[in-house]
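The structure under discussion appears below in the form of structure tokens.
The values are calculated or read from the model by the stated rules, or taken from the named source; none is laboratory data. Keep in mind it's a predicted model, so treat the numbers as computed, not measured. Methodologically, a virtual Cβ is constructed for each residue, glycine included, from the backbone with ideal geometry; neighbour enumeration extends over all protein chains shown. Calculation scope for accessible area: heavy atoms of the full protein, side chains included, ligands and nucleic acids excluded. Shrake-Rupley method; radii C 1.70, N 1.55, O 1.52, S 1.80 Å.
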Amino acid sequence: MSDTTMVPKSPRENVTPRSSSSRHFRRYWQLYVMMLLPLCHFLLFKYAPLIGNVLAFRRYRPGMGAYGSEWVGWAYFERFLQDPAFWRAFNNTLILSFGNILINFPIPIIFALLLFEIRSKRFRKFVQTISYMPRFISTVVVIAILGELLSPSSGLLNRVLGSLFGMDPIYFVNEPQYFRPIYIFTEAWQYTGWTAIIYLAAITGVNREMFEAAEIDGASRFQKVIYVTIPSIMSTIMVMLILNVGSLLSLGFEKVLLLYTPSNAMVSDIIDTLVYRTGLMNQNYSYATAIGLFSGVIGVILVSSTNWLSKKMSGESIY
Amino acid sequence: MNKQRKYRPLTIGDVLINAFMVLVVLICFVPFLYMLALSLSSPEAIINNKVSLFPVGLNFEAYHQIFTYPNFFKAYGNTIFYTAGGTLISLFMSALFAYAMSKRFLKGHKLVMMLIVFSMFFSGGLIPTYLLISDLNLTGTPWAMLLPFALNQFNLIILINFFRAIPAEIEEAAIIDGLNYFGILQRVILPLSTPALATIGLYTAVFFWNDWFNGLIYLNTQQYPVMLFLRNIVNGTAMVGDGAGAADKSTIAMSIKSAVIITSTLPIIILYPLLQRFFVAGLTVGSVKG
């Protein structure tokens, strides 16, 4: 069997490379038993909801079970495609995501490149440890801290702005024009150090001799980064880009939900919050499922096309 | 001395980079210092905007308040329970699944691997998941917090890769010594896997500790985790500073909010530096080579 020849080193495999099916199961049944419970759990909690998406094509009636209702075809899709609230959420999602990728994709790369340039090993470790601390903090805490820092009456930022520039206090959290910058900035604050770990690992793996050769050729520090380091970590950068584009439509939903106020709704209502409000708060289950399914399908299309493009252009892909 | 030979003079570039990094450290750290200062300051100092990075008029009233507030203790206890229970269940399920999946010769191995990877990019969505949980009658029970998250695809892949890297000879020796696969997993593989288990254990624990949204949609007030308690204070849906007069309420609310932030975040901040030598390796194995 091709399976068995692939891994000649697994225990006992080399003794009888061509075992029959029944011998295979007699020998390895324990491994299959181990897999049983987790696999059932996996199918129940990851795949049953996936199938539950048929609800988008059926009319949900309470008490009739999730799937025991009548077929309505594409009716819910047609409805939300004509719903201005959907298009507003769709636009907000795209703007917020693109803005976020544009700014927060390069930042960890730059941060990792700079970290690598720190001479003192101990200082570098220290900076790293502190920089990924925010990753471990709950979104609730991040937003709560933000609320206190940005508070118009007592927040640290307004006090600093007031005493340095004599500015009037700004109610940052409530003003629509500050919503996107706040979102993007807190994302940078939370995840820069964490994401940089991956790039830093890639940079550390670059062959030392390449740096030495570049040095002999008279490359400056900056030139070494541009001509040696960045090309060497390009594959990591591409993989991360694909993953980022794939999750374009699934923003940090919880953060947006926490930052949402009626006064910034014009910019802060995204697809996920729309699904949450129509689905769970107004119990419009089928309609919300249709919207959710739509954005999920777009996400899959995005990730597979980016993956395909990347495979064509740089030979890098995630599957 | 060795050090002398390695010495190169600091260039302007070095100075700039180091200065920038000091700034980064400050940006990451100052918000916590501010919260700590607020939680420890007197109401007068807060009202007059005197507090910046250090407590003014040292005062433990906020901590005294939240520790005598029954709901806070309840919520904190709930969070500890969800975190401990969730992490244990998750490690148990993941170890079993990943160990079997680390054997490429098992039939159906490829299919299951595909199922895992596909579900990373296409998930069930909020509403179908919500309806599933309520159809299973998990709503309003702690199981709604624990069960749905017992398996995480990224953690699984980290663990599978880790198990695969363990030399097969060790297992062969164990088989010759008469151990079956359950015995091998328990007595050979798991003890060798502490770094990987610590990594995904930390990820999982952080997830459960910080979760509030699932508590919001699945649980009732008595079962709320501490992050949801905090969110309700921030939202103004929960009352704080009951004993105080109306004028004092907002300043007390501020220091209480800060005290809740500090107490609910401290365990994680203490935990992660201890485990960081593990998770740095875990992250790079798990996400890039996925």
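Observations on the model:
- Per the listing B:Ile184, B:Ile175, B:Ile133, the residue uniquely in contact (Cβ under 8 Å) with a residue 40 or more places away in the chain and either within 12 Å of chain A (Cβ to nearest Cβ) or of a type in the set (Asp, Glu) (or both) is B:Ile133.
- Enumeration of residues in the range A:259-295 that are touching a Gly at 6+ places or on another chain (Cβ under 7 Å) and without any contact (Cβ under 8 Å) to a residue 24 or more places away in the chain: A:Val275, A:Ala288
- Test: residue in the range B:258-279 that is under 20 Å from the mean Cα position of the chain (by Cα), open to solvent by 40 Å² or more (accessible area, probe 1.4 Å) and at pLDDT below 80: yes
- All positions within the range A:95-131 that are aliphatic (A, V, I, L, M) and touching a residue at least 60 places away in the same chain (Cβ under 8 Å): A:Ile95, A:Leu96, A:Ile101, A:Ile103, A:Ile107, A:Ile109, A:Ala112, A:Leu113, A:Leu115, A:Ile130
- Taken together, B:Leu16, B:Leu33, B:Leu10 contain a single residue that is among the aliphatic types (A, V, I, L, M), at pLDDT below 85 and outside the structural domain of B:Leu266 (by the TED database), which is B:Leu10.
- Within the range B:102-123, the residues that satisfy the criterion of being within 7 Å of chain A (Cβ to nearest Cβ) and open to solvent by less than 10 Å² (accessible area, probe 1.4 Å) are B:Phe105, B:Leu106, B:Ser119.
- Checking each residue in the range B:168-205 for being more than 31 Å from the chain's Cα centre (by Cα) and not aliphatic (A, V, I, L, M) picks out B:Glu169, B:Glu171, B:Glu172, B:Asp177, B:Gly178, B:Asn180, B:Tyr181.
- In summary, helices (runs of 4 or more DSSP H) completely within the range A:205-319 and bearing 2 or more residues that are polar (S, T, N, Q) occur at A:234-246, A:285-314.
- Test set (1) open to solvent by 10 Å² or more (accessible area, probe 1.4 Å); (2) at the interface with chain B (Cβ under 10 Å from one of its Cβ atoms); (3) under 30 Å from B:Met227 (Cβ atoms) - A:Phe105 fails condition number: (2)
- Looking at the range A:44-157, the helices (runs of 4 or more DSSP H) lying wholly inside it that each contain 3 or more residues that are under 30 Å from B:Leu151 (Cα atoms) sit at A:48-52, A:84-104, A:121-131, A:139-150.
- Scope the range A:158-199; condition closer than 24 Å to A:Phe253 by Cα, within 12 Å of chain B (Cβ to nearest Cβ) and open to solvent by 50 Å² or more (accessible area, probe 1.4 Å); matching residues: A:Phe185, A:Tyr191
- Out of B:Lys103, B:Lys110, sole residue that is basic (Lys, Arg), modelled with pLDDT of 90 or more and out of contact with any helix residue (DSSP H, G or I) (no Cβ under 8 Å at 6 or more places or on another chain): B:Lys110
- Any hit, the range B:44-60, residues being among the acidic types (Asp, Glu) and either open to solvent by 90 Å² or more (accessible area, probe 1.4 Å) or closer than 25 Å to B:Ser258 by Cα (or both): yes
- Of the residues screened, A:Ser235 is one that is at the interface with chain B (Cβ under 10 Å from one of its Cβ atoms), in contact (Cβ under 8 Å) with a residue 60 or more places away in the chain and among the hydroxyl-bearing types (Ser, Thr, Tyr).
- Residue count, the range B:104-125 (criterion: free of Cβ contacts under 8 Å to residues at least 12 places away in the same chain and either assigned to a helix (DSSP H, G or I) or within 15 Å of A:Ile298 (Cα to Cα) (or both)): 12
- Considering the range B:5-88, the qualifying helices (runs of 4 or more DSSP H), each wholly inside and each with 2 or more residues that are more than 30 Å from the chain's Cα centre (by Cα) and touching a residue at least 40 places away in the same chain (Cβ under 8 Å), run over B:43-47.
- Any hit, the range A:289-301, residues being under 30 Å from A:Met238 (Cα atoms) and hydroxyl-bearing (Ser, Thr, Tyr): yes
- Filtering the range B:61-83 to residues that are open to solvent by less than 60 Å² (accessible area, probe 1.4 Å) and of a type outside the set (A, V, I, L, M) leaves B:Tyr63, B:Gln65, B:Tyr69, B:Phe72, B:Tyr76, B:Gly77, B:Asn78, B:Thr79, B:Tyr82, B:Thr83.
- Test: residue in the range B:84-91 that is open to solvent by 30 Å² or more (accessible area, probe 1.4 Å) and within 30 Å of A:Asn244 (Cβ to Cβ): yes
- For A:Thr306, the criteria (1) open to solvent by less than 20 Å² (accessible area, probe 1.4 Å); (2) of a type in the set (Ser, Thr, Tyr); (3) within 12 Å of another protein chain (Cβ to nearest Cβ) hold in every case but one, which is (1).
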